[in-house]
Structure formats: C-alpha cells, structure tokens
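Laboratory data are not the source of any read-out in this text; all were calculated from the coordinates shown. Computed from a prediction, not measured in an experiment: that's the story for all the values here. Using ideal geometry, Cβ is built from the backbone for each residue, glycine included, and neighbour counts are taken over all protein chains shown.
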Amino acid sequence: MSDFRAFARPATPEPADFTLSPEESHHLVAVNRARAGATVVVFDGLGHEWICELTSDRKNAAVLRVRSARATPPLPFLITLGQALPKGPGMDAIVRKATEIGAARIVPLESERTQVHLDGDRSDKKIEKWQTAALEAAKQCGNPFLPEVLPVQSASALIVAAADYDLRLIASLHPGAQSLKPVLAAFRATHHRAPRKVLWLVGPEGDFSPGEMALALAHGFAPITLGPLVLRCETAAVYALSVLSYELLNAE
C-alpha cells in the first residue's frame, strides 16, 4: 500500500484525474511532503480507490492522474456505535478507533449521566472535528470506507428510533447482562443467518441510568457485559466493537 492517501469524491464514475481540495492538498503536499511523480491512493470513503500519480504538487490544488481503479466489497454487516459523550478528548480517540475497526456509523449521545453537553455552534464544530478524525484514521489504516458521524442526539431518542436494526445491543454493568456469544447464537438460531445491521450503545462514565436501561430493554435491546471490570469509555467502545466485528466476520 502506498504511503500516501488522499480523500476525494470524483465528479464522474470513471475519472481521469483529481484536483484535491485545499485541505487535502495541504495535507498531502505540505504535511506528508508528497512530490510530483509520487504514487497516491485516492479514496472516496465509499469503497472505491484510484491509484494515481501526483502530477502537480501545489499546496492548495494538487492534481493527480489516475492510473487504475479498484473497488473493495463492503463488509457483510453494518455496525453503528452509539457512544455517550465522555469527558475530555476521549471521543476523538473513540472515533479514530471505531474507524480502524470498521464501524459504519458513529452517533454521539447525550445521556442522563453524561457530563458533556453540546449546543449550537459548539456541537457543529465538534462534529466537524470528529469527521476529520475519522478521515485521518481512514487514511492511516487504509480503510476505503469512511464512517458517517451523525449529529449529537439523546440516548433515549436513539433507543426509541432503533427499530430498523437487526440486533440492538447495550453495554451494561447492570445485573442480568449477558455475554455476546449466546446473544448472537440465539439470533442465528431464530433468523438462520447472522445479523447484518447492528446497533451497539456504550454509556458514559457511570454507565447508562436505570431509566435508560429500562427503556432500552423495552425496545428490544440486549444488555451485554464486557467483563467483570469497570472499563473507561474509550476502552469499552474499542472492546465492544472489536469482539462484535470478530464474531460477525467469523459467523458465516
């Protein structure tokens, strides 16, 4: 894989060249120091990649000529992470790791116990920052699919609106939480296939409230234990996505 990657959406299905945005041009030429003649992989975040040659290394409008194209088939499942907002810079790390693991969608959540609340311009700026973090992570790990980072919403609203997911999971410290394996096994026994569209909610410091957990149970969420230890939000998200992705990749 080339050391250089850049993000762009083509104007046509079979582009002959790309002119990168000022931001992408600066990152490629000024930050990564790519020079004319270098091989650059351009990806659109939708699974398509183009192997290109950098023909103009302008820092505000780099130009690349397409040599060949390739497409990566999507994973057989889509995972949405509903993550309650942690304190500090933790959400940045969660977005990056979720991108590396292959989450399709990330939904930042305000819950009853979150200590971070975003409104108006502050929320918009955070979403833009997290989208940038996802893009940087996709470049670093070679993921041709860019996860969607949705606007901040309440945990209760997402729980109520989650009916179209095949499987709804919620990480839980409450009594009665199950291991992931038997929940997936029960789904396969009932539906004769692995789930294709999964939502996993991960709570804030202190977990989801009893009221939120009761609402989730009433809307068909399965409470899942992540082990006997109390994990930090960042660790819990990575743990949850990793074990779920592994099980789904090996389910067929």
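Tabulated results
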{"quantity": "Dmax and Rg, reported as Rg then Dmax, of region 78-249 (C-alpha, Å)", "calculated": "15.1, 47"}
{"quantity": "Approximate spin-label separation Ala218-Arg105, in nm, with each point projected 7 Å along Cα-to-Cβ", "calculated": "2.3"}
{"quantity": "Order by protection proxy (mean Cβ within 10 Å, highest first), peptides 234-247, 200-213", "calculated": "200-213, 234-247"}
{"quantity": "Relative contact order, percent, the chain [alpha-carbon distance under 8 Å, six or more residues apart]", "calculated": "19"}
{"quantity": "Charge tally in the Cβ shell below 15 Å around Thr225, where Lys, Arg are +1 and Asp, Glu are -1, Thr225 excluded", "calculated": "-1"}
{"quantity": "Separation of alpha-carbon centers, region 192-231 and region 1-66, rounded to whole Å", "calculated": "40"}
{"quantity": "27 Å Cα-Cα reach of Lys87 towards lysines, excluding residues that sit fewer than 8 places from it in its own chain", "calculated": "Lys97, Lys125, Lys126, Lys129, Lys139"}
{"quantity": "Antiparallel DSSP beta bridges within the chain, percent to nearest 5", "calculated": "40"}
{"quantity": "In degrees, nearest ten, helix 90-101 long axis to first principal axis of the chain (Cα)", "calculated": "70"}
{"quantity": "Nearest-0.05 FRET efficiency for Arg122 and Thr12, computed from C-beta distance (R0 35 Å)", "calculated": "0.40"}
{"quantity": "Prolate/oblate/rounded label for region 151-239 (Cα gyration tensor, a/c 1.5)", "calculated": "oblate"}
{"quantity": "Quotient of Cα Rg and 2.2 N^0.38 Å for region 1-156, N being how many residues it contains", "calculated": "1.14"}
